[in-house]
Amino acid sequence: MATFDKAVRYEVTAVTETPLRTGPSDGSIDRVLRHRDGQAFLQAASLAGALRGWLEKQDKNAANALFGSQEKFGQLIVSDMEIKEKAVESAEDTTIQLRPRLRINGKMGSAADGGKFDVAHIARGTVMKFSLTWLGAESDTDGPAQIEQMLGALHAGEIRLGAQKSNGFGRVALTVRSQIYHMTDKADREAWLQDEFDGQTLELPEICTESVCTFTVNGVADSILIKSSVPRVEYDENNTRKEIIQNIKENGTAVLPGSSVKGAVRARVQAIADLLHCSESVDELFGRGAAQGDNGIAGRVQFTDVVLDKAKEQKISRIRINKFTGGVIRRGLFTEEPLKSGVTLTITAPQDDICGCALLVYALRDLGLGLYNLGSGGAVGRGYIKVSRIAIACGDKTADMTFGADGCKLNDTDNLVSAWLHALEERT
């Protein structure tokens, strides 16, 4: 074990701004990783891996010094990230939530066999805590500075935790307190041995190392429904039981999952790429599962959840028809509760994937023109977004598309979009 004459302890409070997915070792997706007492947590190895992965991109030698290598021990001790407070105060376990997911057969355009499943996650708004402890020399100021850089990147969203990151999961907001222990000082040494902590709030550095392009879509959905896996039950004045098919709700608020937006946009990007004979660009941007003996490709585009906190609910009753007789199927009356709400979609893609950004421009333009929908019920007019504006920001360059009665208008004074489209044309 390495010797040290200085220690820095960081006590971190992390509030999940988006859901956090942490899976058990058996690979099941409808459960999360838990301690023996049933409490969900994010294991230290996962947290350390995310921090190290970011630091290695900046300085590999610094990452080896902090986290260790085959030649030497590391200087940083990382704890598990454990739940401190639930997102919603309730007698029930509201910390863990389930989202229904549907895997699509890319060739058929319909649900894949066994493609209906639920994904469990730690709820948005959950308060968690973890600690980092650095052990080093008095003369070493680089180690603590690099730790603070990593925490700044985690707070800024450049580092995300757990799985499903391309679907918007894993972003946390941090509050950090730190204390320095000088081992040559008797009082500090005793405080260290007694595990006493009286840290001061640390102001994290502002971090922006990622080169990404941000697409922001503003519009209104008159009728949108992302079906919850469990219907709501109501009883009428005659005490007749009625099941209401409602939108996914988390913490009491309707949510448009980033995965639903991603699935619809990816399908449109795939169709456009097939027409342009550049289908490989889709996997480069969105990633894919394991195939042909490899471990798959990680997606590089990120979609965020849309919290529909001002949505208006509307109950609509429908019937199921027997296609052979033309009559109503027995017990075929059902009620749905689509939402009317303002919608703001945020998508980020890497700047260096020029063709991928060009394909996103085409796909989002088609969304604004009403050529495809989000969620279920597209055949009955649901999920179509009345887009007013799509803003594009990429470094110091910007562009936007506006939509009105005369269609789509592109404002591209910085030649950002035109350069992307030209590069895509050359590739195809």
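The values are calculated or read from the model by the stated rules, or taken from the named source; none is laboratory data. Source: prediction; values computed, not measured. Glycine also receives a Cβ, built like all others from the backbone with ideal geometry; neighbour counts cover every protein chain displayed.
The set of residues in the stretch 376-388 that are surrounded by fewer than 16 Cβ atoms within 10 Å (Cβ to Cβ) and assigned to a strand (DSSP E or B) comprises Lys386, Ser388.
Can you find a residue in the stretch 178-185 that is in contact with a Gly (Cβ under 7 Å, 6 or more places away or on another chain) and modelled with pLDDT of 90 or more?
yes
Of the residues making up the stretch 288-311, those that are within 24 Å of Ala273 (Cβ to Cβ) and either modelled with pLDDT of 85 or more or among the aromatic types (Phe, Trp, Tyr) (or both) are Arg300, Val301, Gln302, Phe303, Thr304.
I need the full set of residues from the stretch 259-316 which are touching a strand residue (DSSP E or B) at 6+ places or on another chain (Cβ under 8 Å), without any contact (Cβ under 8 Å) to a residue 40 or more places away in the chain and farther than 30 Å from Asp222 by Cα, in order please. If the condition is that a residue be touching a strand residue (DSSP E or B) at 6+ places or on another chain (Cβ under 8 Å), without any contact (Cβ under 8 Å) to a residue 40 or more places away in the chain and farther than 30 Å from Asp222 by Cα, then Asp283, Arg288, Gly296, Ile297 are the ones that fit. Please indicate, with yes or no, whether at least one residue in the stretch 245-263 is modelled with pLDDT under 90, in a strand (DSSP E or B) and in contact with a Phe, Trp or Tyr (Cβ under 9 Å, 6 or more places away or on another chain). Yes, the stretch 245-263 has at least one match. Residues in the stretch 229-242: is at least one assigned to a loop (DSSP other than H, G, I, E, B), touching a residue at least 60 places away in the same chain (Cβ under 8 Å) and buried (at least 16 other Cβ atoms within 10 Å of the Cβ)? Within the stretch 229-242, none of the residues are assigned to a loop (DSSP other than H, G, I, E, B), touching a residue at least 60 places away in the same chain (Cβ under 8 Å) and buried (at least 16 other Cβ atoms within 10 Å of the Cβ).
State whether the residues of the stretch 177-191 include one that is out of contact with any Lys or Arg (no Cβ under 8 Å at 6 or more places or on another chain), surrounded by 14 or more Cβ atoms within 10 Å (Cβ to Cβ), aliphatic (A, V, I, L, M) and part of a helix (DSSP H, G or I). Yes, the stretch 177-191 contains at least one residue that is out of contact with any Lys or Arg (no Cβ under 8 Å at 6 or more places or on another chain), surrounded by 14 or more Cβ atoms within 10 Å (Cβ to Cβ), aliphatic (A, V, I, L, M) and part of a helix (DSSP H, G or I). Screening Thr325 on (1) loosely packed, with under 11 Cβ neighbours inside 10 Å; (2) part of a helix (DSSP H, G or I) shows it passes everything except condition (2). Output the residues belonging to the stretch 400-428 that are among the polar types (S, T, N, Q) and assigned to a helix (DSSP H, G or I). Passing the criteria: only Ser418. Annotation: of all residues in the stretch 319-345 being of a type in the set (D, E, K, R) and closer than 22 Å to Val230 by Cα, the one that is nearest to the chain's Cα centre (by Cα) is Lys340. If only residues of the stretch 209-228 that are surrounded by 16 or more Cβ atoms within 10 Å (Cβ to Cβ) and among the aliphatic types (A, V, I, L, M) are counted, the one that is nearest to Asp353 (Cα to Cα) is Val212. Residues that are touching a helix residue (DSSP H, G or I) at 6+ places or on another chain (Cβ under 9 Å) and not in a loop (DSSP other than H, G, I, E, B) within the stretch 218-228 comprise Gly219, Ser223, listed in sequence order. Leu345 falls short of the stated requirement of being modelled with pLDDT under 90 and over 24 Å from Glu425 (Cβ atoms). Out of Gly375, Gly404, report the one residue that is farther than 17 Å from Val343 by Cβ and of a type outside the set (Lys, Arg). Matching residue, one of Gly375, Gly404: Gly404.
Within the stretch 405-415, the presence of at least one residue that is aliphatic (A, V, I, L, M) and more than 26 Å from Arg160 (Cβ to Cβ) is confirmed.
Leu275 meets each of the listed conditions (1) out of contact with any helix residue (DSSP H, G or I) (no Cβ under 9 Å at 6 or more places or on another chain); (2) surrounded by 12 or more Cβ atoms within 10 Å (Cβ to Cβ) apart from (2).
Within the stretch 303-322, being crowded, with 20+ Cβ neighbours inside 10 Å and either in a strand (DSSP E or B) or not aliphatic (A, V, I, L, M) (or both) holds for Phe303, Thr304, Asp305, Val306, Leu308. Return yes when Arg189 is touching a residue at least 40 places away in the same chain (Cβ under 8 Å) and basic (Lys, Arg) and no when it is not. So Arg189 fails the test.
The number of residues in the stretch 335-375 being at positive phi and either assigned to a strand (DSSP E or B) or crowded, with 22+ Cβ neighbours inside 10 Å (or both) comes to 1.
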